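Visitor: Structure below; questions to follow.
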Amino acid sequence: QVQLVESGGGLAQPGESLKLACSASGFIFSLYDIRWYRQAPGNQRELVAGITGTFSTNYADFVKGRFTISRDNAKNTVYLQMNSLKPEDTAVYFCAVHRASGDYWGQGTQVTVSS
């Protein structure tokens, strides 16, 4: 079955960096777009970045220039490099794949940016 597992979250100070990973299984990884979302307490889940199977990327305006999404199809893994972190980046970060059979989500990884 489809599984997505996020890792790499934690506590960072403003201006620091973290790198998240999303390991996938149960589908032909290289054929699908993978997206990162985040959800802060009291807020709706929002799209952060996405990458297609052919490595095209897109970003939400609030992370452009700071975050970089990438993928390694040999490892079935998508990464989110987060630089210049801000307190408002604090959220649970989820990766997801949207397939004809449904939407699949990981369990999320907490990112906290605080001094």
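Visitor: Say we join alpha carbon atoms closer than 10 Å with springs in a Gaussian network model of the chain; which of V97, V63, V78 then has the biggest fluctuation?
Guide: V63
Visitor: Further question: Please report, as a whole percent, how much of the solvent-accessible surface of the chain comes from carbon and sulfur atoms (probe radius 1.4 Å). Show your work: numbers first, answer last.
Guide: On the way: 2790 of 5920 Å².
About 47 percent, which is the carbon plus sulfur part of the accessible surface.
Visitor: Report the FRET efficiency, 1/(1 + (r/R0)^6), for K86 and V5, where r is their Cβ-Cβ distance and R0 is 25 Å, rounded to 0.05.
Guide: Working: r = 26 Å, r/R0 = 1.04.
Here the calculated transfer efficiency is 0.45.
Visitor: Would you look at the GNM of the chain, springs on alpha carbons closer than 10 Å, and say which of Q44, Q81, Q13 moves the most?
Guide: Judging by the Gaussian network model, the answer is Q44.
Visitor: A follow-up question, please. Which of A60, A100, A49 ends up with the largest GNM mean-square fluctuation for the chain, with Cα atoms connected below 10 Å?
Guide: A100
Visitor: Can you figure out the FRET efficiency of S30 with S115, using R₀ = 30 Å and their beta-carbon distance, to the nearest 0.05? All intermediate terms of the calculation are to be shown ahead of the outcome.
Guide: Details: r = 40 Å, r/R0 = 1.34.
According to the calculation, E is roughly 0.15.
Visitor: Also, I was wondering about something else. Summing +1 for each Lys or Arg and -1 for each Asp or Glu, what net charge is found among the other residues whose Cβ lies under 9 Å from the Cβ of C95?
Guide: On the way: positive: R35; negative: E6.
Net of charged neighbours comes to 0.
Visitor: Please return the longest range in the chain lying between exposed loop sites, taking trypsin sites (Lys or Arg not before Pro), DSSP loop only, at most 12 other beta-carbon atoms within 10 Å, and leaving the sites out. Can you show the working numbers first?
Guide: Numbers: sites that count: K64, K75.
That would be 1-63.
Visitor: Counting Lys and Arg as +1 and Asp and Glu as -1, what is the net charge of the other residues whose Cβ lies under 15 Å from the Cβ of A49? Working shown, then result.
Guide: Values: positive: K19, R35, R38, R45, K64, R66, R71; negative: E6, D33, E46, D61, D89.
Around A49, the surrounding residues sum to +2.
Visitor: Using protein chains only and a probe of 1.4 angstrom, how many square angstrom of I28 are accessible, to the nearest 10?
Guide: The accessible area of I28 comes to roughly 110 Å².
Visitor: Moving on. Between A40 and K19, what length in nm is gained on full extension when 0.36 nm per residue of separation is reduced by their alpha carbon distance? Walk me through the numbers on the way to the answer.
Guide: Numbers: separation 21, 0.36 × 21 = 7.56 nm, distance 1.81 nm.
Extending this stretch completely gives an extra 5.7 nm.
The values are calculated or read from the model by the stated rules, or taken from the named source; none is laboratory data. As the structure is a computational prediction, the values presented were derived from the model and not from experiment. When we count neighbours, we look across all protein chains shown, and the Cβ atoms used for this are built from the backbone with ideal geometry, even at glycine. For accessibility, only protein heavy atoms count, side chains too; no ligands or nucleic acids. Shrake-Rupley method; radii C 1.70, N 1.55, O 1.52, S 1.80 Å.
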